[in-house]
Amino acid sequence: MPNIFNYFAKLSEEKIDLTIKSGRFINQKKAEKKIPSYLKFMMNLKKSDNIIEIGSGLGNLLIPLNKYVNKATALDHPKIIKNFKERIHHKKKINFISGNFLNIKISQKFDKVLVYGVLHCLKNFKEVEKFINKTLKITSKNGIIFFGDIPNNDLKIKFLNSKEGRKFQKKWEKNINQQKFKFRSFKNLVKFNNKNILKIIEKYNKKKNQVYLIPQPKDHPFSNTRVDLMIKKYG
């Protein structure tokens with residue numbers, strides 16, 4: 001039985017739209033294109049920056065972000081990195097690291113670290129903490145780590161119980177039923193809610209770090225049910 005890491009690697013080789021390969025739905029294609037400009041602003045990307053995206057997928061976010069920085073690095077499953085390279089035909093100056101972030105050694109430091117739509121693919125909170133600790137180690141002093149697209153179950157329940165949410169859900173189900181490709185669901189992955197997101201903020205909001213909880217813009221793919229976390233590293 002494939003784990004979610006290998007599942008997305010297999011997905012990268014399917015003959016489906018790039019938006020679907022990134023774990024989003026085809027009706028979110030336009031919304032997905034709004035994410036890079038938001039990240040540029042929130043992460044304060046500069047021409048001198050060295051950025052890495054952990055869990056880059058095929059580059060739907062990193063390719064447009066690449067033009068704002070000095071150096072960009074993509075890290076993901078070896079099969080995904082192989083397909084990423086083929087997608088750009090080496091025309092863009094992007095560096096690549098193959099492997100599972102939790103299991104590989106990275107000696108380089110980065111000014112900006114992007115982790116978008118990845119934390120909820122981990123097994124448990126022990127793994128989440130290990131992941132965050134490792135991102136802090138590879139982040140330069142005064143650098144920024146952006147953990148984007150974290151599903152908040154409490155937020156989802158509240159939204160779907162609202163008038164706006166019920167109306168959205170009917171439209172959403174209609175659109176999803178029209179999409180031929182069906183995502184595989186994975187059980188026993190970490191679940192986020194208000195309580196454990198607050199615990200993350202409390203744990204990492206120390207002397208050397210400042211943690212920010214950010215509501216997603218309304219025009220983002222999963223904005224009504226997900227949040228972003230950003231860590232500014234001072235030490």
Discussion item. With both bridge residues required to lie in the chain, what share of the DSSP beta bridges run antiparallel, to the nearest 5%?
Written reply: 40 percent
Practice prompt. Name the lysines eligible as straight-distance cross-link partners of residue 15: C-alpha to C-alpha under 17 Å, and not fewer than 8 places from it in the same chain.
Written response: 29, 79, 82, 85, 180, 182
Fill in: Spacing of the two label points (7 Å from each Cα toward its C-beta) at residue 86 and residue 207, in nm
5.1 nm
Worksheet item: Using θ = phi - 60° and the Karplus curve 6.51 cos²θ - 1.76 cosθ + 1.60, what whole-Hz ³J(HN,Hα) does each residue of the stretch 12-22 get, with Gly and Pro shown as x?
Response: 5, 9, 6, 8, 9, 4, 4, 5, 5, 4, 7
Fill in: Carbon + sulfur, % of accessible area of the chain - ligands and nucleic acids excluded, 1.4 Å
52 percent
Worksheet item: When the helices in the chain are scored as -39500 (n - 2.57) per DSSP H run of 4 or longer and the sum is shared across all residues, what 222 nm value do you end up with, to the nearest 500 deg cm²/dmol?
Response: -10500 deg cm²/dmol
Item to complete: Would you kindly work out the equivalent ellipsoid of the stretch 30-102 from its C-alpha gyration tensor and give its semi-axes, the square roots of five times the eigenvalues, largest first in whole Å?
Response: 19, 13, 12
Worksheet, complete the sentence: The set of residues whose placed amide H lies less than 5 Å from the amide H of residue 97, leaving out same-chain residues fewer than 5 positions away, is 74, 75, 76
Worksheet, complete the sentence: Judged on accessible area alone, 1.4 Å probe, highest first, 13, 127 line up as 13, 127
Fill in: Extension reserve of the residue 167-residue 141 stretch, reckoned as 0.36 nm per residue once the Cα distance is removed
4.8 nm
Worksheet, complete the sentence: Counting only protein heavy atoms and rolling a 1.4 Å probe, one gets per residue an accessible area for the chain in Å² of 57 Å²
Worksheet, complete the sentence: Here the averaged projected area of the stretch 98-235, based on the convex hull of its alpha-carbon atoms and given in nm², is 9.8 nm²
Practice prompt. Quick one: plug the Kirkwood hydrodynamic radius of the stretch 1-151 (C-alpha pairs) into Stokes-Einstein at 25 °C, 0.890 mPa s, and report D in µm²/s.
Written response: 157 µm²/s
Item to complete: Averaging sequence separations of C-alpha pairs under 8 Å and six or more residues apart, then dividing by the length of the chain, give the relative contact order as a whole percent.
Response: 19 percent
Response to the item:
If R0 = 41 Å, then residue 185 and residue 48, at their Cβ-Cβ distance, give a FRET efficiency to the nearest 0.05 of 0.45
Worksheet item: Which entries in 109/208; 30/141; 171/199; 21/233; 171/232 show an alpha-carbon gap greater than 26 Å?
Response: 30/141; 171/199; 21/233; 171/232
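The values are calculated or read from the model by the stated rules, or taken from the named source; none is laboratory data. Predicted model only: the values in this text are computed from it and were never measured. With ideal geometry, Cβ positions are generated from the backbone for all residues, glycine too; neighbour counts draw on all protein chains shown. For the accessible areas, the whole protein counts, side chains as well, though only heavy atoms, and no ligand, DNA or RNA atoms are used. Shrake-Rupley method; radii C 1.70, N 1.55, O 1.52, S 1.80 Å.
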